[in-house]
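Below is one structure, written out as structure tokens; comments come after it.
Taken together, the values in this text are just the output of simple stated rules run on the coordinates, not laboratory data. What you see is a predicted model; the values in this text were computed from it and never measured. Virtual Cβ from ideal backbone geometry, glycine too; neighbours counted across all protein chains shown.
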Amino acid sequence: MHIIGYIRVSTEEQERSGLGVEAQQTAIEAECERRGCTLELIADLGRSGKEVNPELRRGLDLLAGGQADGLMVSKLDRLARSVRHASAIINDAQERGWNLIVLDNALDLSTPGGRAMANMLATFAELERDLISTRTKEALAARARRGEPNGRRSAIPAGLLRRIVLSRDAGASFSRIARELTHEGQLSPTGLSRWQESTVRRAYASAARAGV
């Protein structure tokens, strides 16, 4: 089994010391040796975990292309800073059939316990989405009471959003548009290469409300 080991430290962590990198690498190498896996290390140094960084993006592309069997990180916050973001990567792994191993919380999609942990994270991601939605609705209602406009910018570039609208209006299904965007290598709002039908549907509805 060929594993991609991912290491990330923020600018502040990197400036404080290089021990964070060394500790992550040591943990990943030890686990791969224990499992008898070949290892390919990639690293995003001086990067935050708020988005899919360049080396992580490359690793996910390798996994999507079948050039590796799994992704290993020492801690979940090295992979992503939000539960929602981590859940999106887990969902991508499950749909594409590659393994994700997070050493600090026993998340291993090849084991029943690891899959149960993934399900828990998915539940928390749903809770996070609900809380964000509630806060957003409350904020929009407050702006409306003050007579302020409630327009919000989409995370999808305007040109791509317009393309989704035109394709849908021309009769393409949401699932077909999602497949086309995935095939073309367009990144989704969460930074993943695979588009979900639900993402396209939400984007179209948002564009319709905004009159795009």
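Assorted remarks:
- Proximity of backbone amide H atoms, modeled 1.01 Å from N, is registered between Ile7 and Ile42, Ala43, Asp44 at under 5 Å, excluding neighbours fewer than 5 places apart on the same chain.
- The range 22-45 and the range 184-203: distance between their alpha carbon centers, rounded to Å: 30
- Among 188-194, 170-176, sorting by the average number of other beta carbon atoms lying within 10 angstrom of each residue, highest first, gives 188-194, 170-176.
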